[in-house]
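Report on the following structure.
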Amino acid sequence: MNGEQLLKEAEGFRDRIVENRRYLHRHAEVGFELTNTLAYVKKELEEMGYEPQECGRAGLVVLAGGKKPGKVFMIRGDMDALPFKEEADVDFASETCNMHACGHDMHTAMMLGAARLLKTHEDDIEGTVKLMFQPSEETFEGSHDMIQAGVLENPKVDGALMIHVMAGMPFPAGTVIVTDGGTSAPGADYFTINVKGKGCHGSMPNAGVDPINIAAHIVTALQEINSRELALVDEAVLTIGKIAGGKAGNAIADTVEMVGTIRTYDEEVRAFVKRRLEEISSGIAAAFRGSASVEWGSGCPCLINDKEVSKSVAKYMQELLGPGRSFTTGQLAAMSEGKANKSAGSEDFAYISQEVPSVMIALAAGEPAKGYKYPQHHPMVKFDEAALASGSAVYAYAATRWLEEHR
């Protein structure tokens, strides 16, 4: 499939991609509660001639190609927003209490654009492209839910790719950065530590067990994991972001709730930190005559980029966009005379990467010099729509070229 032709075709219906993006932006929904979003995406796909199949709690899947024998390559776009009010100065601001502050409306619109390109060239696809429209990425639940529902089967997926738009990057909109092989995004875990003491009057602490005192010692002790139990090369972050307990200054409470997160780049380190968090919390609490239990919330593993898929996609992007618009993380590191940066933000595409050879691509969507200065997850973040057409072509070209080379 000709890359130059794909780019021209995508530019030809740029207005439609922008229209899709702005509708999704105005009607932002969160988690698995994507009633309006799903209906809109399904309708758009059906108008193109696809037969969308529901997958899991709120996912959609369509297939392009399949008229020629070959492998199956999957492209993924997430659809959910964040649950806070938008403050960005745009004339298509969200009409809900939610905001697409992570650019998932851009991803979904680019996926619809890619679907349009793939349908136009369906007879030429050497195998099958599976398009995965995913809910609930922000809670790290949607990808796993769709895997459980069979997204990687029928037909079985042989390789996969995701794109994430990035605001505030010092590159022209539409510039692609392909992640080299290896870990690019950390595993994430959310936890709640429930500390139990014994309430009493503040003037008689000996009559009770102070859970706030216990919580304070737990916070301090947990930092010892990084400083004394992990090696220099074991990268990890453990954060307590919320502590809640007590109702009056002259009373000792019964309980305290501590909420936090862990981020790690290695699954063995991840398991170790989780185990030590439980042991330290319960041990500290017992030492002060109380108790502590840990509840684990949503999370995801590390995102692993397959070396061969990454190498292939980097080559395809050079073909499609040219050397000035396409880089690898290693190339950028060499240019800056530093080491390649890993993302500190987790991504639940990691579940896919643990099952099939996969790659993560970053797509520049807003230069600071042009006013796109706020980062993802900020209520004032904006994304440059100039990236949309090329993003659609990137999805379609990467998938079809991989199939062509692996037929």
Index of the failed condition, residue 32 passing every other in (1) out of contact with any strand residue (DSSP E or B) (no Cβ under 6 Å at 6 or more places or on another chain); (2) in a helix (DSSP H, G or I): (2)
Starting from the stretch 2-29, keep only residues that are modelled with pLDDT under 95, then list their pairs with residues that are in a helix (DSSP H, G or I) and of a type outside the set (Ser, Thr, Tyr) whose Cβ atoms are within a distance under 6 Å, requiring at least 6 positions of separation or different chains. 3/319; 3/320
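If you check 209, 309, which single one turns out to be at pLDDT 95 or above and closer than 30 Å to residue 391 by Cα?
309
Of all residues in the stretch 1-27, which are open to solvent by 60 Å² or more (accessible area, probe 1.4 Å) and among the acidic types (Asp, Glu)?
4, 11, 15, 19
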Filter result for the condition that a residue is part of a helix (DSSP H, G or I) and either modelled with pLDDT under 95 or open to solvent by less than 10 Å² (accessible area, probe 1.4 Å) (or both), over 123, 105: 105
Among the residues of the stretch 239-270, the number that are hydrophobic (A, V, I, L, M, F, W, C) and open to solvent by 60 Å² or more (accessible area, probe 1.4 Å) is 1
Flag for residue 365 being open to solvent by less than 10 Å² (accessible area, probe 1.4 Å) and farther than 18 Å from residue 163 by Cα: no
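Residues 303, 222: which one is buried (at least 17 other Cβ atoms within 10 Å of the Cβ) and free of Cβ contacts under 8 Å to residues at least 60 places away in the same chain? Before the answer, list the steps.
Numbers: 303 fails: free of Cβ contacts under 8 Å to residues at least 60 places away in the same chain.
Answer to the check: 222.
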Condition test on residue 192, is it polar (S, T, N, Q), modelled with pLDDT under 95 and out of contact with any Ser or Thr (no Cβ under 8 Å at 6 or more places or on another chain)? no
Matching residues in the stretch 288-312 (part of a helix (DSSP H, G or I) and in contact with a Lys or Arg (Cβ under 8 Å, 6 or more places away or on another chain)) number 1
When you scan the stretch 385-404, do you find a residue that is touching a strand residue (DSSP E or B) at 6+ places or on another chain (Cβ under 7 Å) and open to solvent by 50 Å² or more (accessible area, probe 1.4 Å), even just one? no
Looking at the structure I just gave you, is residue 389 free of Cβ contacts under 8 Å to residues at least 40 places away in the same chain, in contact with a Lys or Arg (Cβ under 7 Å, 6 or more places away or on another chain) and in a helix (DSSP H, G or I)? no
Could you please find all residues in the stretch 247-286 being within 30 Å of the chain's Cα centre (by Cα), more than 20 Å from residue 233 (Cβ to Cβ) and in a strand (DSSP E or B)? 257, 258, 259, 260, 261
Please enumerate the residues belonging to the stretch 139-154 that are touching a residue at least 12 places away in the same chain (Cβ under 8 Å) and open to solvent by 40 Å² or more (accessible area, probe 1.4 Å). 139, 141, 144, 148, 149
Among the residues of the stretch 53-100, what is the count of those that are free of Cβ contacts under 8 Å to residues at least 60 places away in the same chain and either open to solvent by less than 40 Å² (accessible area, probe 1.4 Å) or among the polar types (S, T, N, Q) (or both)? 3
Could you grab the pairs with beta carbons closer than 9 Å, sequence gap of 6+ or different chains, first residue in the stretch 317-329 and within 17 Å of residue 2 (Cβ to Cβ) and open to solvent by less than 60 Å² (accessible area, probe 1.4 Å), second one assigned to a helix (DSSP H, G or I) and among the β-branched types (Val, Ile, Thr)? 317/394; 320/394; 321/394
Can you tell me how many residues within the stretch 313-345 are in contact with a Phe, Trp or Tyr (Cβ under 7 Å, 6 or more places away or on another chain) and outside any helix (DSSP H, G or I)? 1
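The values are calculated or read from the model by the stated rules, or taken from the named source; none is laboratory data. Note that the coordinates shown come from a computational prediction; the quantities given were computed from them, not determined experimentally. Heads up, the Cβs are rebuilt from the backbone with ideal geometry, glycines too, and the neighbour counts pull from every protein chain shown. When the accessible area is computed, the model is the full protein with side chains, heavy atoms only, and any ligands, DNA or RNA have been set aside. Shrake-Rupley method; radii C 1.70, N 1.55, O 1.52, S 1.80 Å.
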